[in-house]
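This report refers to the structure that appears directly beneath it.
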Amino acid sequence: TEGMQQRESTKNPKQALHVCRSSQSDLSEWRIGVKTAGPKSVDLKSAEKYKKEKQQSASDQADNSTQDHLEQALTYFERGKSNCIPLKKNEALQKHLATVESVALQRGLSPEGLDVLLNVALSGRLVNGRILKCLIPASLIAESSVVSAVSWLCVGKCSGSTQLLFLRWLIAMFDFIDHKEKLHALYGIFFCSLQDEKQCPYVCHLLYLLTRRENGESIQSGMQPHLQALLSLYKLLCPELVSITLPAKMKTYFRNSASLWKAAINAIRRRNQGTSPTSQQLNLGTAHLQSRKRKWNTQLILPACNAETNNPIKSEEVNHIDILSHSESFPVEQLHTFSQLLQNIHHLEFPSQMGSVLRNSLLLHYMNCVKDESIYLRLYYWMGQTLQEECTWSKIDNEQYEEEFKDFLDIIYKTECFLQKGFSSCEEFLYKSLPFWDGFCCRSQILRLVSWIPLSNFSEIKPLLCEPLAQLFFTSSLYFKCSVLESLKELLQNWLSWHVMNSTLSGLVNSVADLIHFVGWISTVALRLENNATFLLYFILDFYETVCDVYLKYNLPLLVMPPPGVFYPALLSVDSVSLNQLCYIMYRYRTNLVAAKENEQIKKTILQFKFSSQTYQEYNQYIMAMVGCLWTSSAFQKDIHPQGIRLDPEVLKKTRVQEVRNSFNIVHHPALMGYAILFLQQVSAWPEDKTLNFNLIKGRRWNWYLEYLYMQGFQGLKLFIESSINRVSQVSQTKLGNVPV
């Protein structure tokens, strides 16, 4: 047959003879080297070379022997005529079946070998169950082989269990099939199989992968998950044909059909590939995208778009105008430039392997421009199933593949950044997996995915995200706490950016406020646990740099002040960067509050959302505390915040600290005292024969000292003093509840 001729053509006796002569020539040269060479080291190197060549020759001989045995086995199966002889009584059958299983599990089978074995398994001959379980491709599966196999299903030669196993195999190997056009032509045959109760779940899964817009015809059956999946896709493609109401919540529609072949596929892929293809960076430009000849399974490895031809050079020469004139759809395999995307944006037919979209920047541009929910539905299903199956802490067998899972999560994150939206399937995965996460495995990847959780009611998010995250937060290292705070800051920024693009306040204000309060709570507890660590305080204040500008920068009528457990540690910090950062934050709070007041007066209308009087009051209390510390040296007397640093005079006397009132002004503050010393040295106001005297910094020197601090980079302090200090010190006795202006 043609398959036998192709296999026999791979054997080349002349080539084998040439290899043997080459090895003999090398051996002769080595022998000459032993006799003529001078230094002993040369002999050793030659010996090592000969040893390696000998080992390689032995390996080649073993491979040739294995190939010969495989050819014999395939010939045996191809010529088999009867299934009457039991397996136990047929030694030849046992021998050849063991050979096929061994080769398949070690290095996979060629397309020709798969073609032979598929026909044998589905024609009812020999042991079809064991053969189907070892059909592991080394590279591709010919579409013609699959079509031929499906034809065997129509003649009733194989049992029902064999048909089910074949459907599972077809779903698992779907992305290895080189083409899909002829397989799409069999859509009606698969559709008719929905009437079989046992086959229905697997047929639904297969139809889900094959369905295109022209296949959007309604079906009237029950509401099992697999039928709901197919109906959901039909309703998106042809809503006028599906009148029933379907649940909007995503769920797991199909069982995993690749479990029988998954381990073998991964082993062969790693052996043949060497490195994970997911480690490649996601190209977000519009450069030419070369299609890969090898198609990977949807499990973890992102498949490439199916090629319509095996000749990539010929594909590039196809006249795109001719394609459109004969077909309404434009194959994505021919899509290489952004201009092609614009010309054919309404004719694109997305690939069956939705995972390949994550690697194709042009298809991602399409998803951004054209709101086709069917694309997201398919992508969410594929992604959700892959995340669930490959999660390294949910299954012990997956632990050895942690690096590949990290690469996969990185690509998902980059795609979310490109699309500027989070995937609901990724959100569902986080909610399910976080309670079992140790906070160490794939840490940076998981926390970055958290930052793209879509905006929703915070009361729903809290038990699923915040509670498990808080448990890890309080019991983990300082670095982990900082990483979580950074992730939550990015989550807040993404929610606010979404608001800017969508211009809606529905549910947003309350959710954002709840998120800010949650971060304030865990920050307060974390500072106590970590003894007010400066590194931790930096990330907390960085979060509040976003919070303080919510009104002006994101046009959201909301301002939430930091809790006292964050404000006072920053105000009394020994770190000058933290103090300067706090001054800038308070300056931006004032700017936002004043702008809100002015807008209310100009419009003379009552806004739907107003800043509460409590926000103004809390801001003024903090301002009084800062002025009392940094400027008027009266923080211990005039701080009126319930959780502030006000102390009775009797308590202050018991401390026996000299000039205790000045302890936190801009000269004596622990974060600024070093700068005060350097300033005194530079202005020569500190003679060497006298003791240190900070009281010399007053009058003109006070102003010089301020300018000195500004030159050292204290821009936050400068903005705060110029905008608030003078005014607040003059109206410190005014009625609270108004922003000082």
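The values are calculated or read from the model by the stated rules, or taken from the named source; none is laboratory data. If you're wondering where the values come from, they're calculated on a predicted model, not measured in any experiment. Quick reminder, even Gly has a Cβ in these numbers, built from the backbone with ideal geometry, and neighbours come from all protein chains shown. Each accessible area value is taken on the protein alone, full model and side chains, heavy atoms only, with ligands, DNA and RNA left out. Shrake-Rupley method; radii C 1.70, N 1.55, O 1.52, S 1.80 Å.
Out of all the residues in the range 170-188, which are in a helix (DSSP H, G or I) and open to solvent by less than 10 Å² (accessible area, probe 1.4 Å)? Working first, answer last.
Kept after step one, since they are in a helix (DSSP H, G or I), are these residues of the range 170-188: 170-172, 174-176, 181-185, 187-188.
Passing the criteria: Leu170, Ala172, Phe174, Asp175, Phe176, Leu183.
Can you name the residue in the range 461-482 that is over 23 Å from the mean Cα position of the chain (by Cα) and part of a helix (DSSP H, G or I) and is also farthest from Ser424 (Cα to Cα) among such residues? By that ranking, first place goes to Leu478. Considering the range 560-572 alone, what residues qualify as being open to solvent by less than 10 Å² (accessible area, probe 1.4 Å) and closer than 17 Å to Val512 by Cβ? Within the range 560-572, just Pro562 meets the criteria.
Pairs are defined by a Cβ separation below 6 Å, a sequence spacing of at least 6 or placement on different chains, a first member in the range 367-380 that is under 14 Å from Glu349 (Cα atoms), and a second member that is of a type in the set (Phe, Trp, Tyr) and open to solvent by less than 40 Å² (accessible area, probe 1.4 Å); the pairs so defined are Ile375/Phe350. Can we say Thr504 is modelled with pLDDT under 95, open to solvent by 10 Å² or more (accessible area, probe 1.4 Å) and not hydrophobic (A, V, I, L, M, F, W, C)? Yes: the conditions hold for Thr504.
A quick yes/no check of all residues on (1) open to solvent by 20 Å² or more (accessible area, probe 1.4 Å); (2) at pLDDT 85 or above; (3) of a type in the set (Phe, Trp, Tyr):
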site: Ser356; (1), (2), (3): no, no, no
site: Leu419; (1), (2), (3): no, yes, no
site: Ser424; (1), (2), (3): yes, yes, no
site: Tyr431; (1), (2), (3): yes, yes, yes
site: Gly439; (1), (2), (3): no, yes, no
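Say we look at the range 77-88 and pick out the residues that are modelled with pLDDT under 65 and not small (Gly, Ala, Ser); which of these is most open to solvent (accessible area, probe 1.4 Å)? Show your work before the answer.
If we filter the range 77-88 for residues that are modelled with pLDDT under 65, which is where we start, we get 81-87.
Narrowing the set further to residues that are not small (Gly, Ala, Ser) leaves 81, 83-87.
Numbers: Lys81: 182, Asn83: 90, Cys84: 106, Ile85: 101, Pro86: 68, Leu87: 46 Å².
Checking each candidate, the answer is Lys81.
Listed here are the residues, each with its yes/no results for (1) open to solvent by 40 Å² or more (accessible area, probe 1.4 Å); (2) part of a helix (DSSP H, G or I); (3) among the small types (Gly, Ala, Ser); (4) out of contact with any Phe, Trp or Tyr (no Cβ under 6 Å at 6 or more places or on another chain).
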site	(1), (2), (3), (4)
Val484	no, yes, no, no
Trp498	yes, yes, no, yes
Ala513	no, yes, yes, yes
Ile516	no, yes, no, yes
Asn531	yes, no, no, yes
Tyr538	yes, yes, no, yes
Thr546	no, yes, no, yes
Leu558	no, no, no, yes
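Look at Ile446 and say whether it is in a helix (DSSP H, G or I) and of a type outside the set (Ser, Thr, Tyr).
Numbers: in a helix (DSSP H, G or I): yes; of a type outside the set (Ser, Thr, Tyr): yes.
For Ile446, the condition - in a helix (DSSP H, G or I) and of a type outside the set (Ser, Thr, Tyr) - is met.
Failed condition for Leu97, given (1) surrounded by 15 or more Cβ atoms within 10 Å (Cβ to Cβ); (2) modelled with pLDDT under 80, with all others met? Looking at each condition in turn, Leu97 falls short on (2).
When you look at Gly439, is it in contact (Cβ under 8 Å) with a residue 12 or more places away in the chain, in contact with a Pro (Cβ under 6 Å, 6 or more places away or on another chain) and not in a helix (DSSP H, G or I), yes or no? No; evaluated as a whole, the condition is false for this residue. Pairing residues of the range 333-352 that are open to solvent by 50 Å² or more (accessible area, probe 1.4 Å) with residues that are not in a loop (DSSP other than H, G, I, E, B), at Cβ distances under 6 Å and at least 6 apart in sequence or on separate chains, gives His347/Phe330. Among the residues examined, Ser476 qualifies as among the small types (Gly, Ala, Ser) and surrounded by fewer than 20 Cβ atoms within 10 Å (Cβ to Cβ). Of Leu167, Leu207, all but one fail to be part of a helix (DSSP H, G or I), within 17 Å of Phe350 (Cα to Cα) and open to solvent by less than 20 Å² (accessible area, probe 1.4 Å); the exception is Leu207.
Inspection of the range 573-595 finds a residue satisfying the criterion of being assigned to a helix (DSSP H, G or I), open to solvent by 30 Å² or more (accessible area, probe 1.4 Å) and of a type in the set (Phe, Trp, Tyr).
Taking the conditions (1) under 24 Å from Leu207 (Cα atoms); (2) outside any helix (DSSP H, G or I) in turn, Ser394 satisfies each one other than (1).
When you look at Val728, is it in a helix (DSSP H, G or I), in contact with a helix residue (DSSP H, G or I) (Cβ under 9 Å, 6 or more places away or on another chain), modelled with pLDDT under 85 and buried (at least 16 other Cβ atoms within 10 Å of the Cβ), yes or no?
yes
Taken over the range 636-664, the criterion of being modelled with pLDDT of 70 or more and touching a Leu at 6+ places or on another chain (Cβ under 6 Å) is satisfied by Phe636 alone.
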